[in-house]
Amino acid sequence: MKKIILIASLLTGSLFAQVKGDIEVPYISYQIKMGKGFDSVQANCLMCHSFGYILNQGPQSKLFWDKKIDKMVEEFKAPITKEDHKIIAEYLFKHYGNGKLK
Amino acid sequence: MKRRDFLKTSIVASAAVMGTSSVLSANETHQPNDRRKVSNMAFPEKRPLITYSDRPPLLESPRSTFARGITENDEFFVRWHLPDIPTHIDLDKFSIKINGMVKKELEVTVAELKNDFEQVEVTAVVQCGGNSRSAFTPTPGGVQWGSGAMGCAKWKGVRLSDLLERAGLQKGAHWIGFNGEEKAAYYKTPNFVRELELSELDDHVIVAYEMNGEDLPYLNGFPLRLIIPGYYSDSWVKMLSNITVTDKYKSLFFMDKAYRVPDNETEGETPDHLVKKTKPITHMNVKSVIGYPENGMKIYHNSHIVVRGVAFDGGHGIDKVYVSVDGGKSWDRAELKRENGRYAYTEFRYTYKPTKYGKLQFMAKAVNYLGDEQPFAKDIPWNRGGYKYNGIDEVTVEVI
């Protein structure tokens, strides 16, 4: 009986098993532009995602960034104040905007 | 360098970072961004990949991975939605819960999955619905993926239908929700739950614990992941820990707002006239990508080059792949290798002897058994989410 159990566990085991212990996801320091409003960006956005997530959206309109922040507040329930909303939208449009209001 | 030249250079450089190019004509879909290089930082169990974000991790496979029918686990793309991913899972404690409108609630450990159910395998392509999003103009919101938010692996696990049968469905059961272990930073943020109709789930849907003969990598969903062959990956829930059966559809952000396209024939719209009625992206359309050669490579005159790539669709299977070397005026059949079934990559191979010097462009176009064929990029209409790009792939080399 012991032998059968051993064979069964061998058959079901993977060829290569998972890493032992825990993994560590590296931290990447993204080169994000400094400027007016950056403190609000850092305080609000970084709670949920890296700057990479912002940089890799492509250059976008003022309306896009405004709506993106709306989505973070309404859908993802991020506690961003109205004041910060305005500051962040202006910062994003200035540094990662496409020059179009909408 | 004159100041004006310097400004010009820096604008071009920043355009490359942002994933757009100023030479593109307005509102025309084009080739996805192929200029990104793998980073110099490796994530756990991964080789260095094209890296968009560390939290949540967003990693893209390089073009070279499309020269093979199976994508290696350590080169497989990674896409999570929420920032907090468990970095350790104790298999002695982990279990998947099956509840809701079932006759008997279940808690099944990974060991029980491996021992108490029939073990099945399926080779299937997993592709993000937003793969190749960088092809669209104006730039839709979302990660500006090149072509590498996709891969193909051999998945091993147990049938979802066997698990549901063990639990027993109650009368009126209609929807099934899947939830994984990724967590948001805020308690109120909606979980990344996916809901599918029971009628959508056939015997090919499995709960997998193994990928290409190894445990799933953490970043690809260790220890369990839902596999829905033929579907875009938004519903292939990773670190799957809960399956809930219901009679009614629950309104969910990730179902109602994300991963949807216009519900019309072309699935297209314009930024000024967004279509009101949308539908989930579900089945993948026909697509092929060249894995070798790569853009910018140099090839010797009169040498034989073997073009390699992969083609797939939502499960009807690839009938033909064509290659063009004259900008799509004429097309030649490529050889196909169909080894892993209709949900897997079909490999294609095309030998060519360049007899002219200078730029040489290869195009690849797949046709599935329904007769659906890939359109030229410029003929693909825009949609706000930048989903489902499947344009004819182009690679330009230089013959020297």
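Between A:LYS86 and B:LYS104, the modelled label-to-label distance comes to 6.2 nm, taking each label 7 Å out from Cα in the direction of the beta carbon. Computed over neighbours whose Cβ is under 9 Å from that of B:SER64, the net charge equals 0, Lys and Arg +1, Asp and Glu -1. Counting charges near B:PHE136 (Lys, Arg +1; Asp, Glu -1) among other residues having Cβ under 10 Å from its Cβ returns a value of +1.
Spin-label model, B:LYS183 to A:LEU63: label points 7 Å out along the Cα-to-beta-carbon direction sit 3.9 nm apart. Here the spin labels are modelled as points 7 Å beyond Cα on the Cα-Cβ line, and at B:SER303 and B:ILE400 they lie 1.0 nm apart. In percent, rounded to a whole number, the relative contact order of chain B is 18, using alpha-carbon pairs under 8 Å and six or more apart.
For B:ALA42 and B:LYS276 in the same chain, what is the full-extension length gain: residue separation times 0.36 nm, less their Cα-Cα distance, in nm?
Details: separation 234, 0.36 × 234 = 84.24 nm, distance 4.19 nm.
So the extension gain works out to 80.0 nm.
The local environment of B:LYS114, defined by Cβ-Cβ distances under 12 Å, has a net charge of -4 under the rule Lys, Arg +1 and Asp, Glu -1.
For region B:241-302, GluC sites (Glu not before Pro) are listed when DSSP marks them as loop and at most 16 other Cβ atoms sit within 10 Å of their Cβ; the list is B:GLU265, B:GLU294.
Cα centroid separation, region B:263-318 to region B:50-116: 25 Å. Subtracting the Cα-Cα distance of B:GLU373 and B:ASP202 from 0.36 nm times their residue separation leaves 59.0 nm of extension gain.
Throughout, read-outs are computed from the coordinates displayed, never taken from laboratory work. On a predicted model such as this, the values are computed, not experimentally measured, just so you know. We place every Cβ from the backbone using ideal geometry, glycine too, and count neighbours over all the protein chains shown.
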